[in-house]
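Working notes for the structure below.
The values are calculated or read from the model by the stated rules, or taken from the named source; none is laboratory data. Computed from a predicted structure; not experimentally measured. With ideal geometry, Cβ positions are generated from the backbone for all residues, glycine too; neighbour counts draw on all protein chains shown. Heavy atoms of the whole protein, side chains included, go into the accessibility calculation; ligands, DNA and RNA do not. Shrake-Rupley method; radii C 1.70, N 1.55, O 1.52, S 1.80 Å.
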Amino acid sequence: MLSKRIIACLDVRDGKLAKSVKFVDTKDIGDPVSKAREYYEDGLDELVFYDITASSDARDIMLDVVAQVAKQVYIPFSVGGGVRTVEDANKLLWAGAEKINVNSAAVKRPELIAECAHAFGAQNTVLSMDILRVETSREFPSGYEVIINGGRTPMGVDALEWALKGEELGAGELVVNSIDADGTREGYEINLTRMISEAVSIPVIASGGAGKPEHLLEVLTEGKADAALVASMVHYGDYTVSGLKQWLHEHGVKVRLRY
Amino acid sequence: MLVIVDYDAGNVRSVQRACQHVGMDAEISADPAVVAAADKLIFPGVGSAESAVETLCDRGLDEAIKSFYATGKPLLGICLGLQIVLEHTEEGDKTCLGLVEGASERFEFSDRSLKVPHIGWNELTINRPHPMLENIQSGDEFYFVHSYFARPVNSHHMVGTTEYGDKTFCSVIARDNLFATQFHLEKSGALGLKLLSAFKHWDATC
């Protein structure tokens, strides 16, 4: 039986691990390479690195970080942030990433998803979506809107429509990231996650809001997520990956325990 | 020399890095002569079997892998490398290498909560002992990413199986000097590295 995955997300700014709340107030909180290694040894199922570096000159620092992680960590490893072209993605794959996360650039130019799926395979093309709750309207029938550029720019795109479009264009997995829940540690956006997971046939990774083991349980059962992304709750040392997995196992969720 | 077959189907560098980690230097090669003359061969692959088979044939690597297999030296297939050693794949209706009788077919589920591709960590059940699996036990989990699964004709070749939904599919094939896994042992943490380490020592005499 397939296990539910626990994925740690590391936001990297200028080569350092950073964490935001509701996409603002970003702070440096450590070295991403040693954190990645620590989580890997503690039974993490998958790793996501997100480059939130503002200036494009610092992109090479990220390539170096990716290369260092790839030498030490032997679980699936995806990288995103600032991927605008197949060429950008290729550099990250060469450095050692396994999967590529596309986000803002794909909203502006949806063909990017198809281009990546064609170049690297659908299974290595992950569509990451940053989503804000809005009034249900003709423009946003699902009641959720896709926002780009690190939560700053609304694009007038309905979240559910975009998820379905992403699947159709060849994304192999979806990251559903709730801006409302990001960094609050008050729980994932369950309705949003379930709505998208039930609508698509590819795996859905829930993101944003994890603060307690109960939140993971809720999103992996009620929220129908295939994987749960964690950040603050492990970065600050409040919980360990192995502790979370043991707790989920005791509460009836199938997770990988032997590693 | 350990050679990793390069046919533009996935991250051969991940496999090479994992080999290095367990103390095996590996050469990545797309040259049929190098592949056929290797001491040990890894045949990896992710993505579409259709384009993978086309690229293999265009480069003459299909024949190179077949002649390598005929020498009796150790051959390790990973993911697509397990499906393509069979005779046929439903993906693009392609004829494959035919080292093992059988074919690959697509996962079909009536239950929509079962996602395809099958992505994530799942358990291996070992059907019969094999020297490559000495340090692995049934219930150990490995990382899978695939939409098609192998169906070997001869159950003796089906050394390991895995369950997804109501389906029990073949996740490890072994025949003579061939050992192949549907899962990515280069991405399966310490247990995957253990298997790769076993390949380092396996002389394929069984």
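Quick one: is B:Ala103 more than 19 Å from A:Leu2 (Cα to Cα) and part of a helix (DSSP H, G or I)?
Details: more than 19 Å from A:Leu2 (Cα to Cα): yes; part of a helix (DSSP H, G or I): no.
Considered against the rule, which asks whether it is more than 19 Å from A:Leu2 (Cα to Cα) and part of a helix (DSSP H, G or I), B:Ala103 comes out as no.
Scanning the stretch A:221-259 for residues that are within 12 Å of chain B (Cβ to nearest Cβ), in a loop (DSSP other than H, G, I, E, B) and closer than 29 Å to A:Val200 by Cα yields A:Lys224, A:Ala225, A:Asp226, A:Lys254, A:Val255, A:Arg256, A:Leu257.
In the set A:Ser178, A:Ser201, A:Ser207, which member is closer than 12 Å to A:Val230 by Cα and of a type in the set (Ser, Thr, Tyr)? That would be A:Ser207, the only listed residue that is closer than 12 Å to A:Val230 by Cα and of a type in the set (Ser, Thr, Tyr).
So is B:Val46 open to solvent by 10 Å² or more (accessible area, probe 1.4 Å), assigned to a loop (DSSP other than H, G, I, E, B) and in contact (Cβ under 8 Å) with a residue 24 or more places away in the chain or not? Considered against the rule, which asks whether it is open to solvent by 10 Å² or more (accessible area, probe 1.4 Å), assigned to a loop (DSSP other than H, G, I, E, B) and in contact (Cβ under 8 Å) with a residue 24 or more places away in the chain, B:Val46 comes out as yes.
Return a yes/no flag: does the stretch B:104-112 have any residue that is open to solvent by less than 10 Å² (accessible area, probe 1.4 Å) and more than 14 Å from chain A (Cβ to nearest Cβ). Yes, the conditions are met somewhere in the stretch B:104-112. Taking the criterion of being surrounded by 15 or more Cβ atoms within 10 Å (Cβ to Cβ), farther than 20 Å from B:Tyr69 by Cα and modelled with pLDDT under 95, would at least one residue in the stretch B:124-136 satisfy it? No, because not a single residue in the stretch B:124-136 is surrounded by 15 or more Cβ atoms within 10 Å (Cβ to Cβ), farther than 20 Å from B:Tyr69 by Cα and modelled with pLDDT under 95. The set of residues in the stretch A:186-200 being surrounded by fewer than 24 Cβ atoms within 10 Å (Cβ to Cβ), of a type in the set (Gly, Ala, Ser) and part of a helix (DSSP H, G or I) consists of A:Ala199 alone. For the stretch B:7-43, the set of residues classified as within 11 Å of chain A (Cβ to nearest Cβ), open to solvent by less than 20 Å² (accessible area, probe 1.4 Å) and part of a loop (DSSP other than H, G, I, E, B) consists of B:Ala9 only.
Return a yes/no flag: does the stretch B:182-189 have any residue that is within 20 Å of B:Ala70 (Cβ to Cβ) and either open to solvent by less than 10 Å² (accessible area, probe 1.4 Å) or within 12 Å of another protein chain (Cβ to nearest Cβ) (or both). I'd like the intermediate steps shown before the answer.
To start, the set of residues in the stretch B:182-189 that are within 20 Å of B:Ala70 (Cβ to Cβ) comprises none.
Among the residues of the stretch B:182-189, not one is within 20 Å of B:Ala70 (Cβ to Cβ) and either open to solvent by less than 10 Å² (accessible area, probe 1.4 Å) or within 12 Å of another protein chain (Cβ to nearest Cβ) (or both), which makes the answer no.
The number of residues in the stretch A:1-14 that are assigned to a loop (DSSP other than H, G, I, E, B) and either modelled with pLDDT of 90 or more or within 14 Å of another protein chain (Cβ to nearest Cβ) (or both) comes to 4.
The condition of being under 20 Å from B:Phe149 (Cα atoms) and either in contact with a Ser or Thr (Cβ under 6 Å, 6 or more places away or on another chain) or among the charged types (D, E, K, R) (or both) holds for only one of B:Ala49, B:Ala36, B:Ala103, that being B:Ala49.
Restricting attention to the stretch B:149-161, which residues are in contact with a helix residue (DSSP H, G or I) (Cβ under 8 Å, 6 or more places away or on another chain) and either open to solvent by 50 Å² or more (accessible area, probe 1.4 Å) or modelled with pLDDT under 95 (or both)? None; the set is empty. Inspect the stretch A:134-141 for any residue being open to solvent by 20 Å² or more (accessible area, probe 1.4 Å) and of a type in the set (Ser, Thr, Tyr) and give the result as yes or no. Taking every residue of the stretch A:134-141 in turn, at least one turns out to be open to solvent by 20 Å² or more (accessible area, probe 1.4 Å) and of a type in the set (Ser, Thr, Tyr). Filtering the stretch A:58-103 to residues that are within 14 Å of another protein chain (Cβ to nearest Cβ), crowded, with 24+ Cβ neighbours inside 10 Å and more than 21 Å from A:Tyr40 (Cα to Cα) leaves only A:Ala89. Taken over the stretch A:147-175, the criterion of being under 20 Å from A:Val79 (Cα atoms), away from chain B (no Cβ under 14 Å) and outside any loop (DSSP other than H, G, I, E, B) is satisfied by A:Ile147, A:Ile148, A:Gly166, A:Leu169.
Tell me, yes or no, whether the stretch A:26-39 has at least one residue that is of a type in the set (A, V, I, L, M, F, W, C) and open to solvent by less than 40 Å² (accessible area, probe 1.4 Å). Before you say what the answer is, go through the steps one by one.
Just the residues of the stretch A:26-39 that are of a type in the set (A, V, I, L, M, F, W, C), to begin with: A:29, A:33, A:36.
From the residues that got through so far, the ones that are open to solvent by less than 40 Å² (accessible area, probe 1.4 Å) too are A:33, A:36.
Yes, the stretch A:26-39 contains a residue that is of a type in the set (A, V, I, L, M, F, W, C) and open to solvent by less than 40 Å² (accessible area, probe 1.4 Å).
Residue check: B:Gly77 meets all listed conditions (1) part of a strand (DSSP E or B); (2) over 14 Å from the mean Cα position of the chain (by Cα) but one, namely (2).
Which is basic (Lys, Arg), more than 21 Å from B:Gly47 (Cβ to Cβ) and either out of contact with any helix residue (DSSP H, G or I) (no Cβ under 6 Å at 6 or more places or on another chain) or within 9 Å of chain A (Cβ to nearest Cβ) (or both), of B:Arg175, B:Arg128? Don't jump to the end; show me each part of the working.
On the way: B:Arg175 fails: either out of contact with any helix residue (DSSP H, G or I) (no Cβ under 6 Å at 6 or more places or on another chain) or within 9 Å of chain A (Cβ to nearest Cβ) (or both).
Within the list B:Arg175, B:Arg128, the selection yields B:Arg128.
In this structure, does A:Asp28 turn out to be farther than 16 Å from A:Arg185 by Cβ, assigned to a strand (DSSP E or B), in contact (Cβ under 8 Å) with a residue 12 or more places away in the chain and acidic (Asp, Glu)? Against the criterion (farther than 16 Å from A:Arg185 by Cβ, assigned to a strand (DSSP E or B), in contact (Cβ under 8 Å) with a residue 12 or more places away in the chain and acidic (Asp, Glu)), A:Asp28 qualifies. Residues in the stretch A:119-142 that are within 14 Å of chain B (Cβ to nearest Cβ) and not in a strand (DSSP E or B): A:Ala119, A:Phe120, A:Gly121, A:Ala122, A:Gln123, A:Asn124.
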